1. Suppose each label sits 7 Å from its Cα in the direction of the beta carbon; what would the ASP139-LYS304 distance come out to in nanometres?
2. With r defined as the distance between the Cβ atoms of ALA259 and ASP3 and R0 fixed at 22 Å, what FRET efficiency is calculated, to the nearest 0.05?
3. Under the Karplus relation 6.51 cos²θ - 1.76 cosθ + 1.60, θ = phi - 60°, what is the ordered set of whole-Hz ³J(HN,Hα) values for region 192-203, x standing for Gly and Pro?
4. Pull out the extension gain between ARG31 and ASP200, defined as 0.36 nm times the separation in residues minus the alpha carbon to alpha carbon distance; nm, one decimal.
5. Any idea of THR15's accessible area? Nearest 10 Å², probe 1.4 Å.
6. Largest first and in whole Å, what are the equivalent-ellipsoid semi-axes of region 189-244 based on the Cα gyration tensor, each being the root of 5 times an eigenvalue?
7. Could you sort the peptides 147-159, 183-195, 280-292 by per-residue average Cβ neighbour count (10 Å cutoff), highest mean leading?
8. Set the Förster distance to 51 Å, then compute FRET efficiency between GLN312 and ALA47 from the Cβ-Cβ distance, nearest 0.05.
Amino acid sequence: MTDSYNLPLVGGCGTLRNSSLMAVDDDYMRRPTESGPVLFELLPNSAHVDPLYTVAGAHAGCSCNRDFCRSHSGDASHAVTALYTPTGELDYQERILACRINILEEDQEYSDSIDEFHEEKIDDAFEDGERAAYTDWIDASLTHDTVNGYQRTAFTRREPILSYPPAADRDVSRPVLVTAFVVQTTPWGVIEVGTYHWPDPDPGSGLATVTDLADTVMSRASRLPRPETDPEWPLFYGYEETKAELADELRTTIAELTAEPSPLTPEPGAALTNLNDRFHEQYGATRRETAELLRVLEANDEIKDATAGAIQLT
């Protein structure tokens with residue numbers, strides 16, 4: 001198996017990969033605020049999933065299909081995603097669990113758009129809309145139910161692993177991959193939960209895992225008000241400074257680290273490596289967070305090309 005993999009989710013604007021996630025832990029997950037929850041707060045932390053799972057990564061952004069967006073006034077939904085693994089690392093493991101929560105624009109709340117979005121997610125999970133073309137080698141099931149008046153679709157597939165990793169457990173004579181997911185509508189959007197289990201999972205374990213997590217998220221979604229979105233989560237969650245204040249601090253740091261021209265650096269500037277190291281030391285910022293702050297400065301015309309090796313102030 002490879003350490004670069006697609007998350008077990010069913011559709012959206014491109015396939016979300018583990019490399020697109022920001023590595024996080026439970027500090028990024030918060031109990032929902034009863035009066036004004038934020039969308040990411042509906043994602044469970046490690047205490048609300050199976051004890052064998054730990055929060056590993058998070059992502060925020062649009063998950064809406066472009067054609068669907070165009071057919072519904074062009075407004076894309078916002079989505080938040082969390083990945084859970086047994087060790088809390090982002091690499092591929094024998095159990096991978098992912099949860100994504102999609103929120104549609106407010107004028108689509110309680111409308112047919114949510115049901116259409118749910119159906120689109122299911123269609124994305126099957127090639128050419130075919131939902132039953134499996135051989136005797138593969139066991140699959142697809143069910144449609146309602147939970148508290150909202151649609152739920154559950155799918156599970158069990159198939160043999162034909163190419164088994166050399167380092168894998170040789171005690172498993174017939175390894176299998178179990179894929180399971182649940183897609184659940186809410187008053188304002190759609191919940192997706194999916195998992196990979198291999199090489200020898202207990203029967204029904206994948207479906208039980210995603211169903212339990214979907215129940216947890218649905219319970220929060222049904223009893224709380226419509227959540228707000230936070231475009232800065234997870235990148236800048238937990239800082240005392242605002243994003244704008246951190247960008248100002250980064251500009252000062254660039255000035256401090258700017259070196260005069262030399263044979264190796266023909267123009268003055270702050271080396272990107274040094275900048276990343278300094279800002280991590282000062283604020284605990286990740287490279288991804290520093291890169292986002294550089295984009296802010298570039299958009300404000302305070303620096304030149306933020307992708308260059310030496311960052312220059314304007």
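The values are calculated or read from the model by the stated rules, or taken from the named source; none is laboratory data. Since this is a predicted model, take the numbers as computed values, not measurements. Don't worry about glycine lacking a Cβ; one is built from the backbone with ideal geometry, like all the others, and counts go over all protein chains shown. Keep in mind that these areas ignore ligands, DNA and RNA; they rest on the heavy atoms of the full protein, side chains included. Shrake-Rupley method; radii C 1.70, N 1.55, O 1.52, S 1.80 Å.
1. My value for the distance between the label points is 6.4 nm.
2. The pair ALA259/ASP3 has a calculated efficiency of 0.05.
3. Residue by residue, region 192-203 yields 10, 9, x, 8, 10, 10, 7, x, 9, x, 5, x Hz.
4. Going from the current span to full extension adds 57.4 nm.
5. About 90 Å², ignoring ligands and nucleic acids.
6. 32, 18, 8
7. Answer by packing, highest mean first, reads 183-195, 147-159, 280-292.
8. The value I calculate is 0.65.
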